Amino acid sequence: MNRKLRTSAAFPAISLSQHKPSARFDANLLVCPEHRAEGALALAYISHPDCLRHEMGEHHPESPARLRAINDRLSAAGIWDWLRHVEAPLAPLRALQRAHHALYLAELNAAWPKQGYVHLDPDTYMNPYTLTAASRAAGAVLRAVDGVMAGEFQRAFCAVRPPGHHATRAEAMGFCFYNNAAIAVLHALDQHGLARVALVDFDVHHGNGSEDILANDERVLMVSTFQHPLYPASGAEPLGFNMVNVPLAPYTDGVALRGAVTRDWLPALERFAPQLIVISAGFDAHRDDDMSQLMWADADYAWLTEQIVEVADRHCRGRIVSTLEGGYDLSSLARSVLAHLRVLGGH
Ligand SMILES: [Zn+2]
């Protein structure tokens, strides 16, 4: 059986990290001059403690330990202090409704437990904090879009959970409830009046929810890579003219990845000339992550980010909003996020 298709009962145990760097949420915090390298940019790091309160059982890989591992690594690497920490607001209903059916949102609310868990699919559960965390995650990307569009900061990384890219217009699945990336894209188009927004998804799983929501919207270009076959088994046949889906065979390494991105993504992004780029940043294609059989390394995430930054610098004043999707091996997740942020921040 494919390892990704295992049930939650077979999820590996995770040792939770207890150490947490001191949270520093201050929307007015400026980049510390002595930590700012030549050419460094204002990079917002948007999160909220509520994102740690959603959990799906101690053996579930999509755990609060993921964010703690990332924060630990950023702190140890010395970049925590030059990030511009911003607290994620709750997302207004109207922003969620751009991506999701009103009935789905109402049903999700009705099923939300006051105690214990409610299972929505074999791997996706709600606890009493889930929809608050999901609202913070969606609120983070909205805040990120508003910030980059206002020039408050040039780029933003949303360190949030639950992730979003499997959530369709009307279904929670694959650990996802609200589709954060699609919510960000539609907010930029509808609220900020942009005409062209690109979504880049390099999570190892196909972003079926984002495709469901954004397919055939001429204002959007979605480019993605994903292992195929793998959960959720979609993506090989794109659902819309605006989808550049690049399925990768198991054991694809970074060299092949770079070839595929250069061949398939970059010309499409260049032609599209986006005014903003949103990234569904999943780090589960890493060779150390047993969610998949892809063989990427930390440096591949840096390279991918460099390619996206170059497109953003040419077409949209460098504006990028990146939001965390998957990545379940805590060490490689944290290292890869660090590599991603160093490039986004110009360090
Ligand atoms: Zn994934």
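Any read-out appearing in this document is the output of simple, stated calculations on the displayed coordinates, not a laboratory observation. Nothing here was measured: the structure is a model prediction, and the numbers come from that model. Here the Cβ positions follow ideal geometry from the backbone for every residue, glycine too, while neighbour counts run over all protein chains shown.
Table for the structure above
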{"read-out": "Test: Ala156 is aliphatic (A, V, I, L, M) and within 14 Å of the chain's Cα centre (by Cα)", "value": "yes"}
{"read-out": "In the stretch 169-217, the residues that are aliphatic (A, V, I, L, M), part of a loop (DSSP other than H, G, I, E, B) and surrounded by 24 or more Cβ atoms within 10 Å (Cβ to Cβ)", "value": "Ala172, Val204"}
{"read-out": "The listed residue being within 16 Å of the ligand (Cβ to nearest atom), within 28 Å of Ser331 (Cβ to Cβ) and within 21 Å of the chain's Cα centre (by Cα), out of Val278, Val246, Val261", "value": "Val246"}
{"read-out": "The stretch 309-334 residues that are farther than 22 Å from Leu186 by Cα and outside any helix (DSSP H, G or I), paired with ones that are within 13 Å of the ligand (Cβ to nearest atom) and aromatic (Phe, Trp, Tyr) (beta carbon under 8 Å, 6 or more apart)", "value": "Gly327/Phe283"}
{"read-out": "Some residue of the stretch 90-101 being surrounded by fewer than 17 Cβ atoms within 10 Å (Cβ to Cβ), more than 26 Å from Ala339 (Cβ to Cβ) and of a type in the set (S, T, N, Q)", "value": "yes"}
{"read-out": "Index of the failed condition, Glu211 passing every other in (1) over 26 Å from Met56 (Cβ atoms); (2) free of Cβ contacts under 8 Å to residues at least 40 places away in the same chain; (3) within 17 Å of the chain's Cα centre (by Cα)", "value": "(1)"}
{"read-out": "Matching residues in the stretch 305-333 - criterion: being within 16 Å of the ligand (Cβ to nearest atom) and either more than 20 Å from Ala198 (Cβ to Cβ) or out of contact with any helix residue (DSSP H, G or I) (no Cβ under 7 Å at 6 or more places or on another chain) (or both)", "value": "Leu324, Glu325, Gly326, Gly327, Tyr328, Asp329, Leu330, Ser332, Leu333"}
{"read-out": "Whichever residue in the stretch 169-207 is of a type in the set (D, E, K, R) and within 16 Å of the ligand (Cβ to nearest atom) and, among such residues, is nearest to Val145 (Cα to Cα)", "value": "Asp201"}
{"read-out": "The stretch 148-168: number of residues that are assigned to a strand (DSSP E or B) and within 15 Å of the ligand (Cβ to nearest atom)", "value": "0"}
{"read-out": "Condition met for Thr225 (within 16 Å of the ligand (Cβ to nearest atom) and among the hydroxyl-bearing types (Ser, Thr, Tyr))", "value": "yes"}
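The rows are residues; the columns are (1) part of a loop (DSSP other than H, G, I, E, B); (2) of a type outside the set (D, E, K, R); (3) in contact (Cβ under 8 Å) with a residue 12 or more places away in the chain; (4) in contact with a strand residue (DSSP E or B) (Cβ under 7 Å, 6 or more places away or on another chain).
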{"residue": "Ser224", "(1), (2), (3), (4)": "no, yes, yes, yes"}
{"residue": "Pro229", "(1), (2), (3), (4)": "yes, yes, yes, no"}
{"residue": "Glu237", "(1), (2), (3), (4)": "yes, no, no, no"}
{"residue": "Phe241", "(1), (2), (3), (4)": "yes, yes, yes, no"}
{"residue": "Pro247", "(1), (2), (3), (4)": "no, yes, yes, yes"}
{"residue": "Pro250", "(1), (2), (3), (4)": "yes, yes, yes, yes"}
{"residue": "Leu257", "(1), (2), (3), (4)": "no, yes, yes, yes"}
{"residue": "Ala260", "(1), (2), (3), (4)": "no, yes, yes, yes"}
